[in-house]
Amino acid sequence: MRIGVDVGGTNTDAVLMDGAAVVASIKAPTTADVGAGVVAAIEGALARSEVAPETITGVMIGTTQFTNAIVERRRLVPVAIVRLALPATESLNPLIDWPHDLVDTIGRNVYMAKGGYEVDGREISPLDEAEIARIARDIAAKNLQSIAVSSVFAPLNSAQEDRAAEIIRNEHPEAQITLSNEIGRVGLIERENAAVMNAALVSLSAKVVGAFRDALKELKIDAPFFISQNDGTLMSAAYVERYPVLTFASGPTNSMRGAAFLSDQQNAVVVDIGGTTTDVGVLARGFPRESAVAVDVGGVRTNFRMPDVLAIGLGGGSLVRGDDAVTVGPDSVGFELTEKALVFGGDTLTATDIAVAAGFAEIGERKAVAGLNGAAVQRGLDTIHTMVEDAIDRMKTSAEPVPAILVGGGSILIERDLAGVSTLSIPERSAVANAIGAAIAQVGGEVDRVFSYEQEGRENAIAQAKDEAQAKAADAGAKPCSIEIIEVEEIPLAYLPGAACRVRVKAVGDLADS
Amino acid sequence: MKMHLDLLPDFLRGTAFLGTGGGGDPYVGGLILRQKLEEGADITIMDPMELDDDDFVVSVANMGAPTVMVEKIPSAHTMVKCLRSIEREKGRKAAALIAAEAGGINGTLPMAIGAMTGLPVVDGDGMGRAFPELQMCTFGVYGVPASPIVLRDEHDNEVIVRARSNLESEWFARVVCTRMGTKSEIALYSMSGQEAKETGVLYTTTLAMEIGRSIREARETQSDPFAGLTHYFETSRDKRFCAVLFEGKVVDLLRETTQGWAIGRVRFEGIGESTGEQLEVRFQNEFLVAQQGGRTLAMVPDLICVLDQENAEPITTEGLKYGQRVRVVGVSVPPVMRTPEALAVFGPKYFGIADVYTPIEALV
């Protein structure tokens, strides 16, 4: 049996799953130390189902702790940044485009050194080992413990970054080192940004992963545990300890994956209606469609694999205004819903009140909304449905009606058929879709590299990329027989000789039982 | 006019628009320029009419692949050295800089060089948009030689190309650029003030800023950015034609790499007012021709821009993806880009398009 846990800002949810069956689910408050909330949620789920801890074979955790740390500029450590590139890239220093308050938090410890690669694989400059050693000693003298190393075209060749890490470790043995090639894609600034954020999170990641480990020990669960990343696949806890940035968008991803599971659909639009916002995403073959544009995290530009999610200001707590042209949101009473909404004895008309007045749901005191103007209620419902329809329409990839899955506590707002939707599913247990998404996640491997089709041939290049992606998925713990390629993308590189093409391949597979 | 930090976002959006799908994402160039402005740089944008006829004017640019430029960041320092070499070659000191192309990264970089050298940057350029090859400048069309072209890398390797024609300049320079890592800093098209005024596409720096401003103001007032753009172009200095050609989403995307180019086509299925129709746009780095059914709606050198359906953000050919909802906008180019001499260099025939050039306002 598996346990899925979602550690959110407000609640920690846990689900217990036996194969494809959800045995128990529970919500507990998130605690400041994270661990106690995890213990409470898992204990609750085990108690409800009377399942013994020894029968648990795996624990999968989704968390927004690391994203929140960057966004709130809390619990970050100072970072030293070493870029291997000179004489190239001197026009743009590391941290150039960062919000000042975030740079104040992590410091301005930037070292520019010789190194880097050309697109054709030649070195821009050979690594100057004495220079790197000098830098490492300086970093040690400043007592900086976390270091990010970047170099030009590191995704094409990681040798210089790897060697620099060796030299640094030699001079500064206790330093923790993040290499850009292990994290990001082509795009020096974005990849370096990711490496720096990762380095700033190493201390927190050790604490959080440690708290998860201790929680499981306290619960006497002796099973491997995994943490879900942006694209809905799992990483081992040890991997997350090293690369916490890779969890940045796991929240919406898990909710979409959970929706796919609960509704048994692989291709659908997922509408997650919460208290304040509605997130609309698209499932393609059971995985969230990724965003193609650069995504900002806490004001820092990144090129992470992130789901393409459209957020609109509509939720159960959205304020409803007007009699004729009724508007809903974007502002919301948020977590104060149970005090401010009419059905809870408050004085604010919310989307939830409209849904109760229309008879969609039994929440709070129905009497409190009996006096509402029936025509205005209908117009409010019209607005809500139109907002959701428009959002779905913006995320669809064809004019054909598509299946849609509704999850989240705010799904009570939708009762009518939606235009553009072929079938609408509102699965049971949709409130814990996130934890279920974590529980059922797969493991993946990705290759993103420039090939010369003229030299290697297109077929060969793609076959090589597929092999590498599959090997990476297996390394990450996927059962070899279950691994499949779910994405092949080719981006021809304008102006490059030799029919150069950037090839991105992603392979995923089910986690091997341990 | 002075360049300011406040003007930068509008300017960058405008250069992306004029990139017509290519020209390289102006993000990196914009960062370099922003850094200079934050350091307090003083950048003068010069009205071309203020150029003396015998002033010495030089173009500086980055040549190479947009994809390389996001790793091996363009070197502003090296571009200054290119400028100095041209000055030595010609035995004259530059009085002003002018952009080779208005679209993409080469629209922003000359301003960074202006910041470092104190030279004013002429309000105008040699393409009025972005094009893939360096002979496609109006400077060259009207008799200014591209060469001598100084190409440099960060190691202070320097190659000077002197060729008998601008097309040959492109051929030789492209080889050198590839050897330098598919990115070279270059200086080219050195000319007199009179030549700059007579052969350039004028006031395109202002144009970029005003395009960006029009889109921003529409967002701020939550009005239709496309109506705003159409109105802006109609009332702009050179009274341009602008129309939404199509509203649709990407349903098919074919990309091929042929002889070093990103060549392909994108097909849009109509939504909104275009429901039931299909539009196909062909590109070679930049968008070249837009056809609905068998009917051509716009072709090079007129601008074909693919913009986000909602917020009118320009989308590059590399940024195109399945399912994107867009509006395709066509804009006329000024007469200097439509003469027989200009069309011979960058008209539809050069790009292998069968149509005879017809101005967009006669097609839509």
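At a glance:
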item	result
Subset of segment A:269-290 [over 14 Å from residue A:487 (Cα atoms) and either within 14 Å of chain B (Cβ to nearest Cβ) or not in a strand (DSSP E or B) (or both)]	A:269, A:274, A:275, A:276, A:277, A:280, A:281, A:282
Restricting segment A:462-473 to residues that are crowded, with 17+ Cβ neighbours inside 10 Å and of a type in the set (Gly, Ala, Ser), the residue that is nearest to the chain's Cα centre (by Cα)	A:473
Residues being in contact (Cβ under 8 Å) with a residue 40 or more places away in the chain, hydrophobic (A, V, I, L, M, F, W, C) and within 13 Å of chain B (Cβ to nearest Cβ) - total across segment A:80-93	4
Residue A:212 vs. criteria touching a residue at least 24 places away in the same chain (Cβ under 8 Å), out of contact with any Lys or Arg (no Cβ under 9 Å at 6 or more places or on another chain) and under 21 Å from residue A:63 (Cα atoms)	yes
Segment A:94-120 residues that are more than 13 Å from chain B (Cβ to nearest Cβ) and on the phi > 0 side of the Ramachandran plot, paired with ones that are surrounded by 21 or more Cβ atoms within 10 Å (Cβ to Cβ) and not polar (S, T, N, Q) (beta carbon under 9 Å, 6 or more apart)	A:107/A:79; A:107/A:80
Residues of segment A:34-74 satisfying the condition of being assigned to a loop (DSSP other than H, G, I, E, B), more than 26 Å from the chain's Cα centre (by Cα) and touching a residue at least 40 places away in the same chain (Cβ under 8 Å)	A:51
Whichever residue in segment B:57-91 is within 17 Å of the chain's Cα centre (by Cα) and assigned to a loop (DSSP other than H, G, I, E, B) and, among such residues, is farthest from residue B:178 (Cα to Cα)	B:74
Only one of B:81, B:2 that is farther than 30 Å from residue A:302 by Cα and more than 14 Å from every other protein chain (Cβ to nearest Cβ)	B:2
Breaking point among (1) closer than 17 Å to residue A:222 by Cα; (2) in a strand (DSSP E or B); (3) among the hydrophobic types (A, V, I, L, M, F, W, C), for residue A:22	(1)
Residue in segment B:34-64 that is nearest to the other protein chains (Cβ to nearest Cβ), counting only those that are small (Gly, Ala, Ser) and within 16 Å of residue B:100 (Cα to Cα)	B:64
Residue in segment A:434-446 that is touching a residue at least 12 places away in the same chain (Cβ under 8 Å) and more than 30 Å from residue A:235 (Cβ to Cβ) present	no
Some residue of segment A:426-435 being more than 30 Å from residue A:478 (Cα to Cα) and outside the structural domain of residue A:471 (by TED's automatic domain parsing)	yes
Wholly enclosed helices (runs of 4 or more DSSP H) of segment A:89-190 bearing at least 1 residues basic (Lys, Arg)	A:129-141, A:159-171
Flag if residue A:505 is within 14 Å of chain B (Cβ to nearest Cβ) and more than 15 Å from residue A:119 (Cβ to Cβ)	no
Which listed residue is small (Gly, Ala, Ser) and more than 28 Å from residue A:42 (Cβ to Cβ), from A:375, A:435, A:439, A:431	A:375
Residue that is more than 30 Å from residue A:327 (Cα to Cα), at pLDDT below 90 and either more than 26 Å from the chain's Cα centre (by Cα) or not in a helix (DSSP H, G or I) (or both), where the choices are A:364, A:444	A:444
Residue satisfying condition, being over 22 Å from residue B:26 (Cβ atoms) and surrounded by 22 or more Cβ atoms within 10 Å (Cβ to Cβ), within set B:97, B:51	B:51
Set A:388, A:333: member being buried (at least 18 other Cβ atoms within 10 Å of the Cβ), more than 14 Å from every other protein chain (Cβ to nearest Cβ) and at pLDDT below 90	A:333
Residue ID - farthest from the chain's Cα centre (by Cα), chosen from residues in segment B:222-244 that are among the hydroxyl-bearing types (Ser, Thr, Tyr) and closer than 13 Å to residue B:312 by Cβ	B:223
Among (1) within 14 Å of chain B (Cβ to nearest Cβ); (2) touching a strand residue (DSSP E or B) at 6+ places or on another chain (Cβ under 9 Å) - the single one residue A:63 does not satisfy	(1)
From the options B:270, B:294, residue that is at pLDDT below 95 and either within 10 Å of another protein chain (Cβ to nearest Cβ) or closer than 18 Å to residue B:241 by Cβ (or both)	B:270
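Each row is one residue, and each column tells you yes or no for (1) within 14 Å of chain A (Cβ to nearest Cβ); (2) in contact with a Pro (Cβ under 6 Å, 6 or more places away or on another chain); (3) surrounded by fewer than 23 Cβ atoms within 10 Å (Cβ to Cβ); (4) more than 17 Å from residue B:289 (Cβ to Cβ).
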| position | (1), (2), (3), (4) |
| --- | --- |
| B:204 | no, no, no, yes |
| B:207 | no, no, no, yes |
| B:211 | no, no, no, yes |
| B:220 | no, no, yes, yes |
| B:238 | no, yes, yes, yes |
| B:243 | no, no, yes, no |
| B:249 | yes, no, yes, yes |
| B:255 | yes, yes, yes, no |
| B:264 | yes, no, yes, no |
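Here is a yes/no grid of residues against (1) at positive phi; (2) touching a helix residue (DSSP H, G or I) at 6+ places or on another chain (Cβ under 9 Å); (3) at pLDDT 95 or above; (4) part of a strand (DSSP E or B):
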| residue | (1), (2), (3), (4) |
| --- | --- |
| B:143 | yes, yes, yes, no |
| B:146 | no, yes, yes, no |
| B:151 | no, yes, yes, yes |
| B:167 | no, yes, yes, no |
| B:189 | yes, yes, yes, yes |
| B:196 | no, yes, yes, no |
| B:205 | no, yes, yes, no |
| B:208 | no, yes, yes, no |
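Conditions (1) outside the structural domain of residue A:301 (by TED's automatic domain parsing); (2) modelled with pLDDT of 95 or more; (3) out of contact with any strand residue (DSSP E or B) (no Cβ under 9 Å at 6 or more places or on another chain); (4) not hydrophobic (A, V, I, L, M, F, W, C), marked per residue:
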| site | (1), (2), (3), (4) |
| --- | --- |
| A:110 | yes, yes, no, no |
| A:133 | yes, yes, yes, no |
| A:140 | yes, yes, yes, no |
| A:147 | yes, yes, no, no |
| A:150 | yes, yes, no, yes |
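The values are calculated or read from the model by the stated rules, or taken from the named source; none is laboratory data. Computed from a prediction, not measured in an experiment: that's the story for all the values here. FYI the Cβ positions are ideal-geometry reconstructions off the backbone, even for glycines, and counts take in every protein chain you see.
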